[in-house]
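The values are calculated or read from the model by the stated rules, or taken from the named source; none is laboratory data. Model, not experiment: these values are computed from the prediction. Cβ sites come from the backbone with ideal geometry, for glycine too, and all protein chains shown count toward neighbours. To get the accessible areas, we keep the full protein, side chains included, count just its heavy atoms, and leave off ligands, DNA and RNA. Shrake-Rupley method; radii C 1.70, N 1.55, O 1.52, S 1.80 Å.
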Amino acid sequence: MPEFKSVFYRQEVTFMILGGTCTRNCRFCAVDKAKGCVLPVDPSEADNVALAVKKLGLKYVVVTSVTRDDLIDGGAGQFARVINAVYGVNHLIKNRGFNTGFSG
Ligand code: SF4
């Protein structure tokens with residue numbers, strides 16, 4: 001869910017990709033924990049994020065994710081797909097990706 005004040009006044013949004021369930025269990029964090037079961041990576045996620053960026057007319061995007069220790073690449077490929085898709089709809093956009101350490 002975008003934070004609407006940021007969307008309208010600063011034209012920025014943070015997207016959390018790779019689902020809403022984390023494979024780690026940091027006690028301070030409110031993100032849902034996997035408890036042995038995570039959903040597969042959504043193949044339409046990159047296109048959907050890019051579509052949202054275009055529709056909202058964003059100028060700055062932050063991409064972050066839950067940790068996906070269940071994936072061989074830790075989700076790095078999905079980060080690349082999302083960021084490439086975002087640049088595909090707006091090559092001037094400022095984009096910052098915050099990865100989760102990719103199994104580190
Ligand atoms: S790795 Fe990140 S998203 Fe996962 S539980 Fe820890 S702080 Fe939350």
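Within the range 55-78, work out how many residues are closer than 21 Å to Arg24 by Cα and either assigned to a helix (DSSP H, G or I) or in contact with a helix residue (DSSP H, G or I) (Cβ under 6 Å, 6 or more places away or on another chain) (or both).
Here is the first cut: in the range 55-78, the residues closer than 21 Å to Arg24 by Cα are 63-78.
Now narrow it down to the ones that are either assigned to a helix (DSSP H, G or I) or in contact with a helix residue (DSSP H, G or I) (Cβ under 6 Å, 6 or more places away or on another chain) (or both): 63, 76-78.
Within the range 55-78, residues that are closer than 21 Å to Arg24 by Cα and either assigned to a helix (DSSP H, G or I) or in contact with a helix residue (DSSP H, G or I) (Cβ under 6 Å, 6 or more places away or on another chain) (or both) number 4.
What number of residues in the range 19-33 are near the ligand (Cβ under 9 Å from one of its atoms) and assigned to a loop (DSSP other than H, G, I, E, B)?
Residues that pass the stated criteria total 9.
I'd like the full set of residues that are over 30 Å from Gly36 (Cβ atoms) and either touching an Asp or Glu at 6+ places or on another chain (Cβ under 9 Å) or surrounded by fewer than 16 Cβ atoms within 10 Å (Cβ to Cβ) (or both), limited to the range 76-86.
Asn84, Ala85
Taking interchain pairs and intrachain pairs at least six residues apart, which have beta carbon atoms under 7 angstrom, with the first residue in the range 18-33 and more than 12 Å from Asp70 (Cα to Cα) and among the hydroxyl-bearing types (Ser, Thr, Tyr) and the second open to solvent by 70 Å² or more (accessible area, probe 1.4 Å) and more than 6 Å from the ligand (Cβ to nearest atom)?
Final answer for the pair search is none.
Quick check: is even one residue across the range 63-75 under 14 Å from Lys94 (Cα atoms) and open to solvent by 90 Å² or more (accessible area, probe 1.4 Å)? Outline the logic, then answer.
Just the residues of the range 63-75 that are under 14 Å from Lys94 (Cα atoms), to begin with: 63.
Still in the running and open to solvent by 90 Å² or more (accessible area, probe 1.4 Å): none.
Scanning the range 63-75 turns up no residue that is under 14 Å from Lys94 (Cα atoms) and open to solvent by 90 Å² or more (accessible area, probe 1.4 Å).
When you go through Gly36, Gly75 one by one, which is the residue that is away from the ligand (no atom under 11 Å from the Cβ), modelled with pLDDT of 90 or more and at positive phi?
Selected residue: Gly75, the only one of Gly36, Gly75 that is away from the ligand (no atom under 11 Å from the Cβ), modelled with pLDDT of 90 or more and at positive phi.
I'd like to verify a number: residues in the range 87-98 that are surrounded by fewer than 13 Cβ atoms within 10 Å (Cβ to Cβ) and assigned to a loop (DSSP other than H, G, I, E, B), how many?
Initially, the range 87-98 is screened for residues surrounded by fewer than 13 Cβ atoms within 10 Å (Cβ to Cβ), giving 91-92, 94, 96, 98.
Checking the rest, the ones that are also assigned to a loop (DSSP other than H, G, I, E, B) come to 91-92.
Summing the residues that are surrounded by fewer than 13 Cβ atoms within 10 Å (Cβ to Cβ) and assigned to a loop (DSSP other than H, G, I, E, B) in the range 87-98 gives 2.
State whether one or more residues within the range 37-53 are over 18 Å from Gly77 (Cα atoms) and surrounded by 15 or more Cβ atoms within 10 Å (Cβ to Cβ). If you could, list the steps in order and put the result at the bottom.
Let us first name the residues in the range 37-53 that are over 18 Å from Gly77 (Cα atoms), namely 37, 51-53.
Now drop any that are not surrounded by 15 or more Cβ atoms within 10 Å (Cβ to Cβ), which leaves 52-53.
Within the range 37-53 (the criterion being over 18 Å from Gly77 (Cα atoms) and surrounded by 15 or more Cβ atoms within 10 Å (Cβ to Cβ)), the answer is yes, since at least one residue qualifies.
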